[in-house]
Amino acid sequence: MKLFIQIEPTSEIPIYTQLANQLIELIATGTLQPSEALPSVRSLAADLGVNMHTVNKAYHELERKNIIQIIPKSGAVINSISNTGPSVSQVELIKQFMKPLIAESIVYGMDEKQILSMATSIISDIRREEE
């Protein structure tokens, strides 16, 4: 399986976070489907030219967020997307990640309308990629 993942080594965002974020986006757009197996740690690390520990850390981050399941000696599999929406703990986790980003946006001078407009634009981009 070849995934279109682009790692930016000079970014301030750690490589494992870039990888985890891009995998989440591939799942959100439907490029990766529930129950689909992800490439092995070794294979993906070789394809991306990164350390295996980096891929392993990204996979464990996704497992911590309940997005994938790591099955010992079998690999990583994408979890099913809930039909009932996110759990209370998932909403809290998302809020924990969003709050500093929104605060930073305000520090940079963005107002509520600009922040909401950006969020709407990002959702539209993800939905467009689904098609």
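Got a sec? Charge dipole of the chain, +1 on Cβ for Lys and Arg, -1 for Asp and Glu; which of Val88, Ile102, Ile115 is way out at the positive end?
Toward the positive end, the furthest listed residue is Val88.
Which residues' amide hydrogens lie under 5 Å from the amide hydrogen of Ala76, considering only partners 5 or more residues apart or on another chain, with H built in the peptide plane?
For Ala76, whose amide H was placed from the backbone, the distant partners under 5 Å are Leu38, Ile71.
Hey, can you find the accessible area per residue of the chain for me, probe 1.4 Å, expressed in square angstrom?
72
Picking from Leu19, Leu48, Leu116, which is most flexible by a Gaussian network model of the chain using Cα springs under 10 Å?
Checking each option, the largest mean-square fluctuation is seen for Leu116.
Would you mind working out the magnitude of the charge dipole of region 1-111 relative to its Cα centre, with +1 at each Lys and Arg C-beta and -1 at each Asp and Glu C-beta, to the nearest 20 Debye?
The dipole magnitude comes to about 380 debye.
Could you order the peptides 6-12, 31-37 from most to least packed, using the average number of other C-beta atoms within 10 Å per residue?
Result, highest mean Cβ count within 10 Å first: 31-37, 6-12.
Considering only protein heavy atoms and a probe of 1.4 Å, how much of the accessible area of the chain is carbon and sulfur, as a whole percent?
The value for the chain is 57 percent carbon and sulfur by accessible area.
What are the ³J(HN,Hα) couplings of region 18-31, residue after residue, when phi is run through the Karplus curve with 6.51, -1.76, 1.60 and θ = phi - 60°? Round to Hz, x for glycine and proline.
4, 5, 4, 4, 5, 5, 4, 5, 5, 6, 4, 7, x, 5
The values are calculated or read from the model by the stated rules, or taken from the named source; none is laboratory data. Keep in mind the model is a prediction, meaning the values are calculated, not measured. So basically every Cβ, Gly included, is an ideal-geometry build from the backbone, and we count neighbours across all protein chains shown. SASA here: full protein model, heavy atoms, side chains in, ligands and nucleic acids out. Shrake-Rupley method; radii C 1.70, N 1.55, O 1.52, S 1.80 Å.
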